[in-house]
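A quick write-up on the structure given underneath.
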Amino acid sequence: MKRGLLILLSVCVLTTAAYFTASKWAIRHETLTFFDASRNRPVQVDIAVRRDKEMQANAGMLTLPVAVLNHGNTVKFTEYSFLANVFAARGYMAVSIQHDLDTDAPLVTKVGELYVGRLPVYERGVQNIKYAVKELKKIQPNSDYDHLTLVGHSNGGDISMFYAKEFPDDVKKVVTLDNLRVPFMTDGKFKILSFRSHDSVFKPDPGVVPDDEICEKAGITVVNTGAQHTDMSDRGPETLKTRIQGLLDKFLDDDSKLSPVTGKPKIIEQPAHQSNAQDPGKTDPNKIAQYTPSVN
């Protein structure tokens, strides 16, 4: 009886300690602007990372896995916090990159050309990712930049898939939200999760999304959301974002050491700062996302 009470008391203490520890978990968002002198081009990134995991990484206790988020055309890099926060809650360093500048030529479609003429845009996206990773290694060296999880919506999804084709050994997973131009890799080197829309305007080119049999063999999961193509960002409805978050969380379950924190984040605005910025452009304010954990 006495032994039982001691065990129960120990469990209660551990549960209470875990709750108060979880209540202090926070996701820190920080916007930085790097400057690639070789291309005369600023590269803005928003970093989302869980504070406790960042502290452990800085102390050399662990290595942070890295997820790179790539935005859709005309959507800002800061408009995918509903995805970045899922990765950060699991212990990733989520890096959202601004690929398009106001001075860039508009995205065009040239029927009959490779990737409808968008190859230069994808190559520029790869250069942005490579440069951002190079600079981030100086800031957060205790992160795994050799096994990236690439995430992207629409044009950003195509950048993600193109990067994976170019550097498959540097990629662990790919998550796309309605990429339309670059065909999926089907050699099974890494897992792919793709959320698809049901949209009368935005449709994938032939051969982009493999059939069910190929997907099963190659480890590709395709989720038909029934949503509009343009809803797959922070601008979309809460029901859609919540569903995508849940399925993404399950997709990441094999990262068993990285536990998620559940709850809706509260965003607190703070001033941004820049790093090595010669032409910073317009930056977004820092955000701190505080998760309210659920207790099971």
Could you work out the relative contact order of the stretch 24-290? I mean the mean sequence separation of Cα pairs under 8 Å and 6+ apart, divided by the number of residues, in percent. 23
So for the pair residue 165, residue 144, with labels modelled 7 Å out along Cα→Cβ, what separation do we get in nm? 2.6
By the Cα gyration tensor axes a ≥ b ≥ c (a/c under 1.5 gives rounded; else a/b larger than b/c gives prolate, otherwise oblate), the shape of the stretch 107-164 is prolate
With labels modelled as points extended 7 Å from the Cα through the Cβ direction, what inter-label distance (nm, one decimal) is found for residue 217 paired with residue 59? 4.9
I'd like the antiparallel share, as a percent to the nearest 5, of DSSP beta bridges with both residues in the stretch 23-114. 75
Please give the net charge around residue 128, taking every other residue with its beta carbon less than 12 angstrom from that of residue 128, where Lys and Arg add +1 and Asp and Glu add -1. 0
Which number comes out as Rg/Rh for the stretch 24-290 once both Rg and the Kirkwood Rh are worked out on C-alpha atoms? 0.94
Distance cut-off 19 Å, Cα to Cα: go down the list 138/165; 76/173; 189/217; 134/250; 76/172 and report the pairs above it. 138/165; 76/173; 134/250; 76/172
Calculate, in nm to one decimal, what residue 101 and residue 239 gain on full extension: separation in residues at 0.36 nm each, minus their alpha carbon distance. 46.6 nm
Of the DSSP beta bridges with both residues in the stretch 24-290, give the percent that are antiparallel, rounding to the nearest 5. 45
Need one number: nm distance between label points at residue 40 and residue 189, each 7 Å from Cα along Cα→Cβ, rounded to one decimal. 3.5
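Computed from the coordinates by the stated procedures, all read-outs in this text should not be read as laboratory data. A quick note: this is a predicted structure, and the numbers were derived from the prediction, not measured. Positions of Cβ are backbone-derived with ideal geometry, glycine not excepted, and every protein chain shown enters the neighbour counts.
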